[in-house]
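Readers should treat all values here as calculations from the given coordinates under stated rules, not as data from a laboratory. All values reported here derive from a predicted model rather than from experimental measurement. Virtual Cβ from ideal backbone geometry, glycine too; neighbours counted across all protein chains shown.
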Amino acid sequence: MIPVYFMPGMAASDLIFENIKLPPDQFEMYFMHWLIPEKKNP
């Protein structure tokens, strides 16, 4: 299997890749997403 990683740009959701279809017997798809940073206490 070929791993394929989808990483959206800043301020974009991983939903931009929802219509991409690859043959599941050949590719393993990983959808990355941005984490919202937590506020740090001063």
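For the stretch 16-31, filtering for residues that are more than 11 Å from V4 (Cβ to Cβ) and within 15 Å of the chain's Cα centre (by Cα) leaves 4. Looking at this structure, is P23 touching a residue at least 24 places away in the same chain (Cβ under 8 Å), assigned to a loop (DSSP other than H, G, I, E, B) and out of contact with any strand residue (DSSP E or B) (no Cβ under 6 Å at 6 or more places or on another chain)? For P23, the condition - touching a residue at least 24 places away in the same chain (Cβ under 8 Å), assigned to a loop (DSSP other than H, G, I, E, B) and out of contact with any strand residue (DSSP E or B) (no Cβ under 6 Å at 6 or more places or on another chain) - is not met. Residue count for the stretch 1-25 satisfying the condition of being surrounded by 10 or more Cβ atoms within 10 Å (Cβ to Cβ) and among the polar types (S, T, N, Q): 1.
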